[in-house]
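Q: Next up is a structure, given as structure tokens.
No lab work stands behind these numbers, since they all come straight from the coordinates. None of these values were measured; they are calculated from a predicted model. Note that each Cβ is placed from the backbone with ideal geometry, even for glycine, and that neighbours are counted across all protein chains shown.
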Amino acid sequence: MARNAEKAMTTLARWRAAQVGEIDKHKKRRPYLASECKSLYACEKWRMQIIREIAKKVAQIQNAGLGEFRIRDLNDEINKLLREKRHWESQIKELGGPDYSKIGPRMLDHEGKEVPGNRGYKYFGAAKELPGVRELFEQEPPPPPRKTRAEMMKDIDADYYGYMDDDDGIIIPLEMAAEKEAIQRSIAEYKAKKEEKLGKETTSDPEDEEENIYAVQSDDEDDNKKDTGDGAQRYTAHVPVPSQQDVEAALLRRRKQELMEKYGITPMET
């Protein structure tokens, strides 16, 4: 019985101590507004309390098995505590204390990197791997480095300009086949147009027939040629040909006419 009484007393003592601690805790609750605290020592104490709460929640949020909703709640609570810490730091500065915004350490994660954030909202631990958050901080791959002119000129040779395209023995047979096909197609189009033109002509006129430029004219059909005794062919003109004197007289008259028109002389009628 003594042992059970001792246990009861011990439990009672612990419960009583817990009750006293709760009362003291309620008596010393952190003020809602930092501006209400006018003691620099108290402000420093509340600031350290907030930092301990932040450290505790940051340790909890590292566990990815808490679930998406719990992780989001923890991240919101941490950001809320960070804002409250900044308010206490501003109050400490106004009361003549140190400026923690300048001398305070940066917010780092467990890997030693600065905590990423978007417009003041920070993401900690497993919150960085949540859907929609991962894409928010994905960095675009850097553009490929640009080659200098000297580096590009290293790869330029005769093959680049097409001087060696015919060495493979593939293009030339293809070009020959394409050339033959193009020639046959052109001949077929020409014959089709010629047949269409001949079909439209109801009457055939010898003068309208196409002249054969490859026909060879025989000597019997040439009436304008006469053979001379020395073997040279002599041509007979069917129109009057002016002599050298007639040409010179015509040029002289034309020159006189131009001079008279130039100086405004009216020719006298004879």
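Q: Within a Cβ distance under 13 Å of E189, other residues only, what is the Lys/Arg minus Asp/Glu net charge?
A: +2
Q: I want the local charge near E175. Using Cβ-Cβ distances under 12 Å, sum +1 for each Lys or Arg and -1 for each Asp or Glu among the other residues. Show your work: numbers first, answer last.
A: Details: positive: K180; negative: D165, D166, E179, E181.
After counting each charged neighbour, the total is -3.
Q: Give K45/K128; K57/K85; K38/K85; K45/K102; K28/K80 a once-over and call out the pairs whose C-alpha atoms are over 25 Å from each other. Before the final figure, lay out each step's value.
A: On the way: K45/K128 31 Å; K57/K85 14 Å; K38/K85 16 Å; K45/K102 19 Å; K28/K80 21 Å.
The answer is K45/K128.
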